[in-house]
1. Within region 162-194, how many residues are away from the ligand (no atom under 16 Å from the Cβ) and either touching a Leu at 6+ places or on another chain (Cβ under 9 Å) or of a type outside the set (Asp, Glu) (or both)?
2. Given (1) among the hydroxyl-bearing types (Ser, Thr, Tyr); (2) open to solvent by 30 Å² or more (accessible area, probe 1.4 Å); (3) out of contact with any strand residue (DSSP E or B) (no Cβ under 7 Å at 6 or more places or on another chain), where does Thr246 come up short, assuming only one miss?
3. Can you tell me how many residues within region 364-396 are hydrophobic (A, V, I, L, M, F, W, C), assigned to a loop (DSSP other than H, G, I, E, B) and surrounded by fewer than 22 Cβ atoms within 10 Å (Cβ to Cβ)?
4. Anything in region 44-63 that is open to solvent by 40 Å² or more (accessible area, probe 1.4 Å), of a type outside the set (Gly, Ala, Ser) and in contact with a strand residue (DSSP E or B) (Cβ under 8 Å, 6 or more places away or on another chain)? List them, or say none.
5. Which helices (runs of 4 or more DSSP H) does region 279-363 wholly contain that include 3 or more residues that are surrounded by fewer than 19 Cβ atoms within 10 Å (Cβ to Cβ)?
6. Which of the residues belonging to region 164-179 are open to solvent by less than 70 Å² (accessible area, probe 1.4 Å) and within 25 Å of the chain's Cα centre (by Cα)?
7. Is it fair to say Ile159 is part of a strand (DSSP E or B), more than 16 Å from the ligand (Cβ to nearest atom) and open to solvent by less than 30 Å² (accessible area, probe 1.4 Å)?
8. For region 217-260: of the residues being within 14 Å of the ligand (Cβ to nearest atom) and among the small types (Gly, Ala, Ser), which is nearest to Glu288 (Cα to Cα)?
Amino acid sequence: MILRNPPMTGGVNKECAKVEGSVRFPMIITDVEAIHLRLPEVEEIADGTQDVLVVRIHTDGGLVGIGEVTSQSYVCKAIFEAPRSAERRHGLAYLLRGQDPLEVEELWHRMYYHTNRYGRRGAAIHAISGADIALWDLKGKILGKPVCELLGGAYRKSIRAYASYLFGSSPRETAELARCAVDLGLSAVKFGWGPFGKDPQADLAQVEAVREGVGKACDLMVDAGHAWDVATALDRARLLEPLKITWLEEPLSQDDLKGYAELCARSPVPIAAGEGEVTSWGFEELIERGLHVIQPDVAFCGGLTVCQEVSRLSREAGRRCVPHCFSTGINLAASLQWMAACPDGNLVEYCLRPSPLMRHLVRDLPPLVDGCVIVPEGPGLGIELDEAVLERFRVSYS
Ligand code: MG
């Protein structure tokens, strides 16, 4: 991605306005909402379905784009709503109002550059992700096309899914969970966290239990949850290799890039990482360090604009790109549109958590059918929000 420094001037030239069919061009962004949704009880566990920030971008043509931020919602809401300040420290809503919603990539650079005194990485990029998803949704609605077509083509109508589970407290409990995954029709599963990572023989017993539960044909991934240093990760990779694991995820700290370079060169199983990474420049570094599987989260890493670029970089380097996706149906729909647009986009994470923000915020959540998820076909992301669910879980700031 080439960095551009867009000026603060710009926006829409109303002199050029024209009408095609019932749609008036150019449209102008009139308002940006950052809506915080939160379950009444939020547990301190790695579950992104408990608290999210929904983004809605409105236009003078009446069309509305929908996006989502999976991060610290209170902080990201403030990043949207912060008023104009000195140079390059503005809020996102201020930067988007009055702009042409069709210029999605230009607007990404506008948001990135004009927040760079406090942004560049971290929460500002997470917030930009939500705005970017909403802008792609809006562009699809304006042009009457699904996002996957705007991103380069619709290569497939459904994407193979994998579900993520926490390891059970015992191998027996883990084997039961694994059998549940098979009963749902999944042909790929991931287990991680929980008691995993502390003892080699206990870890081996846990992964053996998964393999026994899912059978030989199922793809099996293991998420180590940043548990080890390089030497330990290498030992575990060798120990688990006979169980035919598809990838070993985040065995090291997200910041141990030197360690990943060493591990990736020597590991007998593919190494995956990237759910904590942002911007295409960050992913470029992961690819250079040798990561085999790259895992951007579209509602965190910078949005579809970044994901599209990361897929291209991964493909060119001969690596695999698989979305991290564990929040609401908005994230799922965006991930499906992105994968459908990739020639090699053949796997997506499918969250099975019971949270109403995951299961009901999006009407007609893309279903799991024979181990695959159907890509929504309507314009934009192809989804609609349930306003009653939105209002029920909306956090009041008044
Ligand atoms: Mg993970």
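1. The initial filter retains those residues of region 162-194 that are away from the ligand (no atom under 16 Å from the Cβ), namely 168-187.
Those still in the list that are either touching a Leu at 6+ places or on another chain (Cβ under 9 Å) or of a type outside the set (Asp, Glu) (or both) too: 168-172, 174-175, 177-182, 184-187.
The qualifying residues number 17.
2. It fails just one condition, (3).
3. Kept after step one, since they are hydrophobic (A, V, I, L, M, F, W, C), are these residues of region 364-396: 365, 368-369, 372-375, 381, 383, 385, 388-390, 393, 395.
Pick out the ones that are also assigned to a loop (DSSP other than H, G, I, E, B) and you get 365, 375, 381, 383, 395.
Filter once more, so that each one left must be surrounded by fewer than 22 Cβ atoms within 10 Å (Cβ to Cβ): 365, 395.
Within region 364-396, residues that are hydrophobic (A, V, I, L, M, F, W, C), assigned to a loop (DSSP other than H, G, I, E, B) and surrounded by fewer than 22 Cβ atoms within 10 Å (Cβ to Cβ) number 2.
4. If we filter region 44-63 for residues that are open to solvent by 40 Å² or more (accessible area, probe 1.4 Å), which is where we start, we get 44-46, 58, 60-63.
Now narrow it down to the ones that are of a type outside the set (Gly, Ala, Ser): 44-45, 58, 60, 63.
Scanning region 44-63 gives His58, Asp60.
5. Working: elements: 279-288, 304-316, 329-340, 356-359.
Correct list: 279-288, 304-316.
6. Keep residues of region 164-179 that are open to solvent by less than 70 Å² (accessible area, probe 1.4 Å), which gives 164-165, 167-168, 170-171, 174-175, 177-178.
Ser164, Tyr165, Phe167, Leu177, Ala178 - these are the residues of region 164-179 that are open to solvent by less than 70 Å² (accessible area, probe 1.4 Å) and within 25 Å of the chain's Cα centre (by Cα).
7. Details: part of a strand (DSSP E or B): yes; more than 16 Å from the ligand (Cβ to nearest atom): yes; open to solvent by less than 30 Å² (accessible area, probe 1.4 Å): yes.
For Ile159, the condition - part of a strand (DSSP E or B), more than 16 Å from the ligand (Cβ to nearest atom) and open to solvent by less than 30 Å² (accessible area, probe 1.4 Å) - is met.
8. Among those that are within 14 Å of the ligand (Cβ to nearest atom) and among the small types (Gly, Ala, Ser), it is Ser253.
The values are calculated or read from the model by the stated rules, or taken from the named source; none is laboratory data. Please read these numbers as outputs of a predicted model, since none were measured by experiment. Here Cβ is always computed from backbone atoms with ideal geometry, including for glycine, and neighbour counts include all displayed protein chains. What goes into the accessible areas is simple: the full protein's heavy atoms, side chains included, and nothing from ligands, DNA or RNA. Shrake-Rupley method; radii C 1.70, N 1.55, O 1.52, S 1.80 Å.
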